[in-house]
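Each reported figure results from applying straightforward, stated rules to the coordinates on display, with no laboratory input. Because the structure is predicted, anything quoted here is derived from the model rather than measured. Glycine gets a Cβ as well: all are built from the backbone with ideal geometry, and neighbour counts include every protein chain shown.
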Amino acid sequence: MTLSATQTLNHPAQDVQVREEATAVHPADSPDAAWWRQAVIYQIYPRSWADGDGDGIGDLPGITSRLPHLRALGVDAIWLSPFYTSPQADAGYDVADYRDIDPIFGSLSDADAMIARAHELGLKVIVDMVPNHSSDEHAWFKAALAAGPGSAERERYLFREGRGEHGELPPNNWQSVFGGAAWTRVTEADGEPGQWYLHLFDPKQPDFNWEHPEVRAEFESILRFWLDRGVDGFRVDVAHGLIKEQGLPDTEEERTVMLGHAEHDDDATATVRQDEAPRIDHTKRSPMWDQDGVHEIYRAWRKILESYGTPDRILCAEAWVEPQDRAVKYVRSDEMHQAFNFDFLTSSWVAEDLRAVITSSLRAADSVGAPSTWVLSNHDVVRHASRLGFPPGTPRMNGISATDPQPDRALGLRRARAATALMLALPGGAYIYQGEELGLPDSTDMPDEFRQDPTFARTHGAETGRDGCRVPIPWSSEGPSLGFGPSPSTWLPQPSVYAEYAVDRQEGVAGSTLELYRSLLAARRELSLGTGSLTWVEGYAADVVALTNGASSRDRVLVVANLGADPVGLPDGAEVIVSSGPLEDGLVPTDTTVWARWS
C-alpha cells in the first residue's frame with residue numbers, strides 16, 4: 001500500500017538541530033520474528049460490540065458480522081472478553097462452564113463460525129481465560145456447598161474455618177478488590193453458619209485452590225478444548241493471583257490498589273493519582289498476589305500450547321505486578337509470551353514520565369528476551385480519550401459520574417490521538433480497545449440505576465465503576481441503538497454524543513479518528529515498526545518525546561510527540577508520513593504526534 005500524505009517540510013523554523021543518542025534503548029528484532037512479537041490485537045467486549053438478535057446485548061453472530069471492520073482497520077488479531085456460560089455477576093468474569101457459550105452470546109457453533117470467519121479474514125483469535133475464580137454457580141462450587149466441611153469437593157476452593165469464639169469472624173483480614181471483606185460465610189446443611197470461602201473479587205466469584213492437582217488438570221483440559229477448536233491463544237485474567245501464600249496470613253497492608261481499583265472497606269473511599277501505577281508493597285509482597293508458585297503453572301501451560309506446533313499459540317498475562325523485574329518473570333521464554341504493560345497505561349501525559357516508562361519497559365522485556373506490549377485503554381479503566389481530558393496529576397478515578405469533574409472532551413481526543421500515534425510507533429506488540437479507533441469517550445452521564453459493575457454496589461457508590469467504558473459501540477449515527485443492533489435495546493444506555501463518533505460518520509473522512517487509526521496501522525505494518533529498534537533523539541525541549549524506530553538509517557522513522565505549549569519544528573528534510581493532527585505552518589503543535597522519514 002502507499003503511505004498517506006507524504007510531504008517535505010520547508011518552513012524555516014523546522015531546521016531543528018537534533019541528533020540520535022549514541023546507544024539504542026532497544027535493538028531491532030528479527031524481520032521474521034514470530035507474529036505475536038509485533039502484533040496489534042483488538043479487544044472485543046462481546047456484550048458491547050454488536051448485537052445480532054436485537055436483545056440489547058452483543059453476541060457472537062453480531063461479532064462475526066462486523067469482523068470486516070477489523071480487517072479494514074488493519075489489526076492482526078482479536079481478543080474477546082469472556083463469552084462462557086455465566087450468571088453475569090461480573091459481566092462474564094464469573095464462569096459457570098468453561099466449555100460452553102452463554103446463551104446470551106450464542107452457541108458453540110456460533111463460536112466455531114466466528115473463529116473460522118476471523119481466520120478467513122487473516123485475524124487470529126485470543127480468548128479470555130479466567131483461572132483465579134469461577135462462578136458460585138459452577139458445578140464444582142455447588143458440589144462443594146453440598147458436600148460440607150472436610151470434603152474433597154471443598155478442597156478445590158479455599159474454604160476455611162472462621163476466627164472468633166464461634167467462627168463468626170473471617171479467617172483473615174483480606175479485602176476484596178471490589179470492596180468489603182474477601183470472605184463470605186456459608187450456611188451449612190443443618191442451617192447453621194459454617195465455613196468461610198475466599199473471593200478476592202465478588203462473593204459470586206469463589207477463588208480456586210490452585211495447590212489442588214484436580215484444579216490444574218481441569219484447566220489444562222480446558223486449554224486443550226479451546227485450542228482444538230482453533231483459538232490462537234489466551235489472555236489470562238488475574239494471572240498473578242492464582243497462588244496464595246501458605247497459611248493465608250493476614251496482610252500487613254491496610255489497602256492495596258490492584259486492577260485499577262482501590263481495595264477498601266465498604267464505607268471507605270480512595271483515589272489514585274493518574275500519574276501513579278497501581279501499587280503493591282515491594283518489600284513484602286501481598287500474600288494473595290504474585291507468589292512464585294504461579295510460574296510453574298504457566299510453564300506447564302506453555303508446553304501445552306507449544307505441542308500444537310506453528311503458528312505459535314500464545315499466552316498474555318494480565319498481571320498488575322511491580323517492580324518491573326518481577327513483572328517480566330511472567331514472560332520468560334518458557335512461560336507467557338506477552339504481559340500487559342500497565343505502567344505505560346497508567347503513566348501521565350508528561351514527556352519525562354513517558355520517556356522513563358518506555359525506556360524501563362523495553363529494557364525489562366529485553367532482559368528476558370520478550371517483546372514489550374503497549375496499551376492505553378481496556379474494559380477496566382476510563383477510556384484514554386476521557387482520561388487525558390484532565391490535567392496531568394488529576395486523581396485517577398474508577399469511572400466518571402455526572403457529579404464528578406468532567407473531562408475536556410476536545411482536549412482528551414486530541415491527546416488520545418497523539419498518545420495512540422506514539423504508542424503504535426513503539427517496537428513490540430500493542431492492544432487497542434474497541435471503540436478507541438472512533439475516539440470514543442467514557443459515558444460520564446449514566447444514571448446510577450443503569451450501573452451493573454459490582455464495584456459500584458459493593459462500595460455503595462463510593463466508586464463509580466467501569467460501566468462508562470463498556471457502553472455499546474455506535475456503528476451508525478442514526479437509528480434507535482446507533483447501529484449496535486436491530487432493536488432500540490442496549491444493555492447500557494448510549495450517551496447522545498456517541499452519534500458524533502459513529503463509524504458511518506468517520507469512514508472515508510480525511511482526518512477522522514477512524515482514518516487516522518487506519519493510516520497508523522498501515523504505516524506501522526509497511527515500515528515494520530513492531531520489530532524495529534528505538535533510539536531517543538536529543539535536541540528538543542524537555543516536553544517533547546522524540547525517538548527513531550528503524551533497523552538502519554535507510555528505513556529510519558522519526559517520531560515527534562509534542563506535549564509542550566509551543567509548536568516545534570522537524571529536522572531539515574524530514575518527510576511526514578502521518579500526523580495525529582494538522583500541522584501549523586509546518587510545525588508540530590501541542591498535543592500532536594508526527595511520524596516522518598528522516599535520514
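Where a ≥ b ≥ c are the square roots of the eigenvalues of the C-alpha gyration tensor, would you call the chain rounded, which needs a/c under 1.5, or, failing that, prolate if a/b is larger than b/c, or oblate? It is prolate, given that a/c is not under 1.5 and a/b is the larger ratio. In the chain, the longest principal axis of the Cα atoms and the axis of helix 108-120 are about 20 degrees apart. Taking all Cα pairs closer than 8 Å and separated by 6 or more residues, the relative contact order of segment 467-599 comes to 15 percent. Taking a straight line from the alpha carbon of residue 244, these lysines sit under 20 Å away, with near neighbours fewer than eight places off in the same chain left out: 204, 284, 329. The angle between the Cα long axis of helix 351-366 and the main principal axis of the chain comes to about 70°, on a 0 to 90 degree scale.
Across the options 106, 60, 371, the greatest Cα extent toward the positive end of the charge dipole of the chain (unit charges at beta carbon of Lys, Arg, Asp, Glu) belongs to 371. Here the Karplus relation 6.51 cos²θ - 1.76 cosθ + 1.60, evaluated at θ = phi - 60°, turns the backbone of segment 501-512 into coupling constants of 9, 4, 4, 5, 7, 10, 4, x, 9, 4, x, 5 Hz, with x for every Gly and Pro.
Shape class for segment 125-165, computed from the alpha carbon gyration tensor (a ≥ b ≥ c): prolate, with a/c not under 1.5 and a/b above b/c.
Let me spell out the model: positive unit charges on the Cβ of Lys and Arg, negative unit charges on the Cβ of Asp and Glu, origin at the Cα centre of the chain. What dipole size does that give, in debye rounded to 20?
Working: 52 positive and 91 negative charges, 318 e Å.
For this selection, approximately 1520 debye.
Could you work out the mean projected area of the convex hull around the alpha carbons of segment 426-522, in square nanometres to one decimal? Walk me through the intermediate numbers first.
Numbers: hull surface 32.1 nm².
In nm², the orientation-averaged hull projection of segment 426-522 is 8.0.
Based on DSSP H segments of at least four residues, each scored -39500 (n - 2.57), the chain has a per-residue ellipticity at 222 nm of -6500 deg cm²/dmol.
Between the C-alpha center of segment 320-334 and that of segment 104-149 there is a gap of 27 Å. Can you tell me how segment 496-593 classifies by the Cα gyration tensor, rounded, prolate or oblate, using a/c under 1.5 as the rounded cut? Oblate, because a/c is 1.5 or more while a/b does not exceed b/c.
Above 19 Å, the calculated P(r) of segment 374-465 contains 42 percent of its Cα-Cα pairs. Sorting 157-164, 450-457 by average packing, meaning the other beta carbons within 10 Å per residue, from highest down gives 450-457, 157-164.
With contacts taken as Cα pairs under 8 Å at a separation of at least 6 residues, the chain carries a relative contact order of 19 percent.
In whole percent, what relative contact order does segment 10-156 give with Cα contacts below 8 Å and a gap of six or more residues? List each step's numbers first, then the result.
On the way: 202 pairs, mean separation 28.2, N = 147.
It comes to 19 percent, rounded to a whole number.
Pairs of alpha carbons in segment 36-193 separated by more than 25 Å make up 45% of all such pairs.
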